[in-house]
Every structure is written in structure tokens, then in C-alpha cells.
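Colleague: First the structure, then my questions, so here it is.
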Amino acid sequence: MIGNFRRVRLQRWVSFSLALAFGLLMIAPFALMVSTAFKPHAYVLEIPPQLIPEEPTLDNFVRAWSSGDFARYFVNSVVVTVSSTAISVALSAMLGFAFARYRFPGSRVLFAVLLFTMMVPGMLLLNPQFMLARDLGLLNSLGGLIVVYSVMNLGLNTFLLRGFYSAMPLALLDSASVDGAGPWRAFRSIALPLSRPGIATVTIFSWLAAWDEFTWAITILADRELYTLPIGIRMLQRAQSTEWGLVFAASLIALAPVLVLFIALQRQFVSGAFVGATKG
């Protein structure tokens, strides 16, 4: 009995230690980034490094925002991300509802194709996407980013929302049909309001995918005034000497909208991700 008790305590202690070590490894780079962002350039590479700056300053943030066209890059990212997220969430919500509640010829095949898109690396699609954007006249435009970002996470979003709609009680939709509501009205008036946790989940996923994307943006954009934040932050890094305080301050500015969005939707995000993943 005593041996089992000691074994359980040892297992709990080991589990706690591993979780703590893993947590520290995850937090340490972010803590270093925050610390460096508030340091004057002369103290960035000091040895031994100090996590809490002796003379914290906001100069890096002011310089990052005012350097070049950083404010324009921020606005471009907001326009592209908001537009593509809205389109992606709307499409995936309708597709998820259709795949969950209706059986039509080819529905299984179409859903399998959507799932397959989740397995294809984005780099393999770069050349076909570029050729398609060229033929459609979308090169060197924010529209070229919005179109690609709108469908980038469509498979994952549809999968999650399909699981969410599948878990929804059929009696609610049946009662709407009895009252004369068609499929569109049932979706808009009943299914969509009840799927807020799932909508919050795919909104966060779509926002993150578009907000942080670099490769496609640098591939099709030629004019500097069209650049987005990831490109703008990359331009702050130089081959010979990089002011890491400036780069990390710019990164924190770019991180702010993501944190605000996640904090606003965190409760619904957790429940939506769980239901969508388990029922999908």
C-alpha cells in the first residue's frame, strides 16, 4: 500500500517536472523577445544577459512603427486578413453545414477532396497558384493574397464545422422545417447562431494563417506599398548587423491583434475546437 502511494507520488512529481520544464522552454523565447524589445541597442547583447532591463525604453516600438512604411504594412495586413478570414469562415460554415446535414451525389468524394487538401504541403502549390494568379491578373495585388488566403484553410475549417453541425440536435432543424423554413433560413437563423464556438475556432485559425503568411506574399508582391507585416519585419533584418530590439518590437506590434482576438474568443475557441475535432 505504501509502495503504491510512493509510486503515485513519484509519477505525479515526474509529470509535474516535465510539464514545468516544457512550459519554461516554450515561454523562454517569448520572454527573451519581450525583454529585448524594451532594451536600448547597446544592451541587447550584454553578457550576462538580463531578462529585466535596467533602463527599459519604448524607443524600439516608436522607431519600428515610424520606420519606412511599417504603418502601411500593418494596414495592408489588416485589410487582407479581415477580408480573407470573413470569406473563409463564410464558405466553410456553409460547406460544413451542407456536408453535415445533406446527402447529395458526390458529397463523400467532395469532402474527401477537401480533407486531402489538408495533407498537401503549401510549397507544392506555389507554382500552380502563381500561374493561376498570373492568368487572372492578380499578381502584385492585395486581391491575389485575399483569394489564396481565403481557401488556404478551407479544408480544416470545413472539417471542424462539419463536426460541430453534426453534433447539433436534429429536432431543432426539423422544427424549423415544420414551420416552413427552407435550408438557407434554417442555416442562417438556427445553425449559425448555435455554432458560435465553432465559428470562433475557425476565425482564429484563418486569422493566424493569413496574418503570419510570408512565402506567397513575397512571391507575388513587387510594389513596396503593398507589402504586409511579415515582409516588413523581414526587411528590418540586415545581413551584417541587425537591431534585434527593433525587430522584436515590430514583432510584438504584429502580435498585438492576434492576442486581442484570442483573448476575445478564447472561451468559445476551446469548446469549438474540442467539439469539432471529436465529432468531425
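Colleague: Could you calculate the contour length gain from VAL258 to PHE30, that is, 0.36 nm times the residue separation minus the distance between their Cα atoms, to one decimal place in nm?
Modeller: Taking VAL258 through PHE30 to full extension adds about 80.6 nm, to one decimal.
Colleague: Regarding the stretch 40-117, what is the average projected area of its C-alpha convex hull, in nm²?
Modeller: The orientation-averaged projected area of the Cα hull of the stretch 40-117 comes to 9.9 nm².
Colleague: Test of understanding: given the chain, find the longest segment containing no GluC sites (Glu not before Pro) that are in a DSSP loop and have at most 15 other Cβ atoms within 10 Å.
Modeller: 55-280
Colleague: To the nearest 500 deg cm²/dmol, what mean residue ellipticity at 222 nm is calculated for the chain from DSSP H runs of n ≥ 4 alone, each contributing -39,500 (n - 2.57), summed and divided by the residues?
Modeller: Helices in the chain give a 222 nm mean residue ellipticity of -23500 deg cm²/dmol.
Colleague: As I understand it, the value is the acute angle between the Cα axis of helix 142-152 and the longest principal axis of the Cα atoms of the chain; what does it come to in degrees, rounded to 10?
Modeller: 60 degrees
Colleague: Does anyone have the angle between helix 196-211 and the longest principal axis of the chain? Alpha-carbon axes, 0 to 90°, nearest 10?
Modeller: Once rounded, the angle reads 40 degrees.
Colleague: Follow-up. Which angle from 0 to 90°, rounded to the nearest 10, does the C-alpha axis of helix 244-279 make with the longest principal axis of the chain?
Modeller: 30 degrees
Colleague: Please report, to two decimal places, log10 I(q)/I(0) for the stretch 98-239 at q = 0.14 Å⁻¹ as given by the Debye formula with identical point scatterers on the Cα atoms and no solvent.
Modeller: -0.81
Colleague: Turning to a different aspect of this structure: Match the structure shown to one of the listed values (1) 147; (2) 189; (3) 214 of volume of the Cα convex hull per residue in Å³, computed from it, and give that label.
Modeller: Answer by label: (3).
Colleague: Please build a GNM for the chain, connecting alpha carbons under 10 Å apart, and tell me which residue among LEU194, LEU32, LEU124 fluctuates the most.
Modeller: Highest fluctuation of the listed residues: LEU124.
Colleague: Sticking with this one: So, in nm, how far is label ARG7 from label ASP135 when the simple model puts each one 7 Å beyond its Cα toward the Cβ?
Modeller: 6.5 nm
Colleague: Taking 2.2 N^0.38 Å as the expected size of a compact globular protein, what ratio does the Cα radius of gyration of the stretch 2-43 give against it, to two decimals?
Modeller: 1.98
Colleague: While we're here: Taking the beta-carbon count within 10 Å as an exposure proxy, list ILE231, ILE263, ILE47, ILE146 from fewest neighbours to most.
Modeller: ILE47, ILE263, ILE231, ILE146
Colleague: Set the Förster radius R0 to 30 Å, insert the Cβ-Cβ distance between VAL79 and GLN237 as r into 1/(1 + (r/R0)^6), and round the FRET efficiency to 0.05.
Modeller: 0.75
The numbers here are math on the coordinates, done by the rules we state, and not lab data. Everything quoted here is computed from the prediction, not taken from an experiment. So basically every Cβ, Gly included, is an ideal-geometry build from the backbone, and we count neighbours across all protein chains shown.
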